[in-house]
1. Restricting to segment 89-134, count the residues that are touching a Lys or Arg at 6+ places or on another chain (Cβ under 8 Å), assigned to a helix (DSSP H, G or I) and over 21 Å from residue 20 (Cα atoms).
2. Being over 21 Å from residue 138 (Cβ atoms), of a type outside the set (D, E, K, R) and surrounded by fewer than 13 Cβ atoms within 10 Å (Cβ to Cβ) is the filter here, so list the residues in segment 2-49 that pass it.
3. Every residue in segment 81-93 that is over 16 Å from residue 43 (Cα atoms) and at pLDDT below 85, please.
4. Assuming residue 139 fulfils every condition listed in (1) within 13 Å of the chain's Cα centre (by Cα); (2) closer than 21 Å to residue 164 by Cα; (3) outside any strand (DSSP E or B) apart from one, which condition is it?
5. For segment 35-62, give me each residue that is closer than 20 Å to residue 17 by Cα and in a helix (DSSP H, G or I).
6. Output the residues belonging to segment 49-90 that are closer than 18 Å to residue 114 by Cα and either more than 15 Å from the chain's Cα centre (by Cα) or among the aromatic types (Phe, Trp, Tyr) (or both).
7. For residue 148, indicate whether it is surrounded by 15 or more Cβ atoms within 10 Å (Cβ to Cβ), polar (S, T, N, Q), within 14 Å of the chain's Cα centre (by Cα) and under 22 Å from residue 53 (Cβ atoms).
Amino acid sequence: MKKLSRKIQIGVMGSTADLKYSKKIKKIAEELGYQIAENQATLIFGAEKDFDSLSTAACRGAKKAGGLTVGITYGKGLNIFEKKNVDVIIANGLERGGGRELTLVLSCDAIITIGGGSGTLTEMAIAYQANIPIISLYNTGGWSKKLSGTYLDERKRIKIGKAKTPKEAVKKALKLIYKKL
């Protein structure tokens with residue numbers, strides 16, 4: 001396996017609290033962040049300014065494992081929801097809904113999706129276009145369930161990987177990242 005001169009960067013993309021996910025799904029997100037940190041990867045996530053999200057829950061999990069976290073936020077300013085859990089905040093000046101998602105996804109070696117609404121769908125499409133590996137936790141609902149194990153179009157650039165557990169998702173993401181090196 002080829003070694004990088006930097007840490008692997010794995011993005012977690014998922015539902016925001018307004019989609020009313022369950023406490024069980026939130027615990028899965030925290031475990032996902034924990035597994036990313038346990039595997040010495042940096043967690044990249046969409047840092048929300050107004051409410052909690054599954055990505056923020058993953059950040060909390062990564063911090064419990066002593067991991068490095070980077071939150072990409074929209075607009076300007078570094079004030080984000082529960083910022084005490086984030087090591088680095090990047091404000092890209094762009095808005096939620098396409099702009100911020102571009103910076104977020106292109107900063108990742110792979111993304112793992114959990115649940116997901118329209119923002120997660122946008123992030124999956126960006127990763128697909130950029131040939132960035134995508135692994136979805138299919139048992140968490142949303143776009144992760146709908147698109148797991150499929151291609152986004154007939155070009156079949158990359159197949160969206162399917163995982164049942166956070167540990168399996170991280171293992172598959174790392175395998176795909178090292179395969180690309």
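The values are calculated or read from the model by the stated rules, or taken from the named source; none is laboratory data. All values reported here derive from a predicted model rather than from experimental measurement. Backbone-built Cβ (ideal geometry, glycine too); neighbour counts: all protein chains shown.
1. The qualifying residues number 2.
2. Of everything in segment 2-49, those that are over 21 Å from residue 138 (Cβ atoms), of a type outside the set (D, E, K, R) and surrounded by fewer than 13 Cβ atoms within 10 Å (Cβ to Cβ) turn out to be 4, 5, 40.
3. 81
4. The failed condition is (1).
5. So the first thing to find is which residues in segment 35-62 are closer than 20 Å to residue 17 by Cα, and the list is 43-62.
Once the filter is applied, which keeps residues that are closer than 20 Å to residue 17 by Cα and in a helix (DSSP H, G or I), segment 35-62 yields 54, 55, 56, 57, 58, 59, 60, 61, 62.
6. The answer is 51, and nothing else.
7. Working: surrounded by 15 or more Cβ atoms within 10 Å (Cβ to Cβ): yes; polar (S, T, N, Q): yes; within 14 Å of the chain's Cα centre (by Cα): no; under 22 Å from residue 53 (Cβ atoms): yes.
No, not satisfied.
Matching residues to (1) hydroxyl-bearing (Ser, Thr, Tyr); (2) at pLDDT below 95; (3) closer than 20 Å to residue 132 by Cα:
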| position | (1), (2), (3) |
| --- | --- |
| 5 | yes, yes, yes |
| 12 | no, no, yes |
| 20 | no, yes, no |
| 32 | no, no, yes |
| 43 | no, no, yes |
| 51 | no, yes, no |
